[in-house]
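For reference, the structure is listed below as structure tokens.
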Amino acid sequence: MSTVNISQIHLTFPRYSYSIEEIVDDLFSDKLDGEVKKFCKMKLGIDRVYKTYDLSKIKVEDTTYLLPDIRLNDMYVESAKRVLSASKRKPRDIGYLITINDNQQNLDPAPTVEITTRLGLNKDVRTQNFQGMACSSFSEALRNAAGHFALGYEGDVLVLIGTYYTNWLHFNKKQKST
């Protein structure tokens, strides 16, 4: 059985951050009744909400589809550069690039197409995109990383995880997630 060692972890958050109180009391105050506000603040267990766009500049009616102010691929590239630097790796050291993300049309073509070029990875780098696989995607990425090494492929594996549909969940430290 192959062993996969995780050498670096880096988190990149969008620049817009709101407390639950800011969201329910200020931004959506006229859209939520008192019981819903109380439930959100007391029972959700969410401390902060991170968004890729400024909630204070939008109208609730206009949220059917929002283009982000910050692109997911930009956040991927920023995180990847930091991880490579911190682990003293060069783009040429990467032999396999895996991205894990939700499946949105604004990500087509697959993120690895853009990321490979922007990071300056080798033109023959192996790539894989996991989209829409929910919780199973991380374990599948680790399994595929182990397979990369077990099959004798050259280079390190870089796994980038990002999302748009769950980026608002940031659990309070007091609450246990299941």
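Below is a table of values for the structure above.
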{"quantity": "Filtered residue count, the range 17-52, keeping only those that are assigned to a strand (DSSP E or B) and either among the hydrophobic types (A, V, I, L, M, F, W, C) or touching a residue at least 40 places away in the same chain (Cβ under 8 Å) (or both)", "calculated": "5"}
{"quantity": "Pick from the range 148-178, criterion of a type in the set (Ser, Thr, Tyr) and within 21 Å of the chain's Cα centre (by Cα), ranking: modelled with the lowest pLDDT", "calculated": "THR178"}
{"quantity": "Residue list for the range 80-102, filter: farther than 18 Å from LYS123 by Cβ and assigned to a helix (DSSP H, G or I)", "calculated": "LYS81, ARG82, VAL83, SER85, ALA86"}
{"quantity": "Any hit, the range 74-94, residues being at pLDDT below 75 and either out of contact with any strand residue (DSSP E or B) (no Cβ under 9 Å at 6 or more places or on another chain) or buried (at least 17 other Cβ atoms within 10 Å of the Cβ) (or both)", "calculated": "no"}
{"quantity": "Within the range 128-147, tally of residues that are at pLDDT 90 or above and either touching a Leu at 6+ places or on another chain (Cβ under 8 Å) or among the aromatic types (Phe, Trp, Tyr) (or both)", "calculated": "1"}
{"quantity": "Matching residues in the range 114-148 - criterion: being over 17 Å from ARG89 (Cβ atoms), among the aliphatic types (A, V, I, L, M) and surrounded by 13 or more Cβ atoms within 10 Å (Cβ to Cβ)", "calculated": "MET133, ALA141, LEU142, ALA146"}
{"quantity": "Qualifying residue in the range 120-127 (condition: more than 30 Å from GLU21 (Cα to Cα), at pLDDT 90 or above and out of contact with any helix residue (DSSP H, G or I) (no Cβ under 8 Å at 6 or more places or on another chain))", "calculated": "yes"}
{"quantity": "Subset of the range 6-37 (residues that are basic (Lys, Arg), at pLDDT below 85 and over 16 Å from MET75 (Cα atoms))", "calculated": "LYS31"}
{"quantity": "Qualifying residue in the range 56-65 (condition: surrounded by 14 or more Cβ atoms within 10 Å (Cβ to Cβ) and either farther than 30 Å from LEU142 by Cα or at pLDDT 75 or above (or both))", "calculated": "no"}
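The values are calculated or read from the model by the stated rules, or taken from the named source; none is laboratory data. If you're wondering where the values come from, they're calculated on a predicted model, not measured in any experiment. Methodologically, a virtual Cβ is constructed for each residue, glycine included, from the backbone with ideal geometry; neighbour enumeration extends over all protein chains shown.
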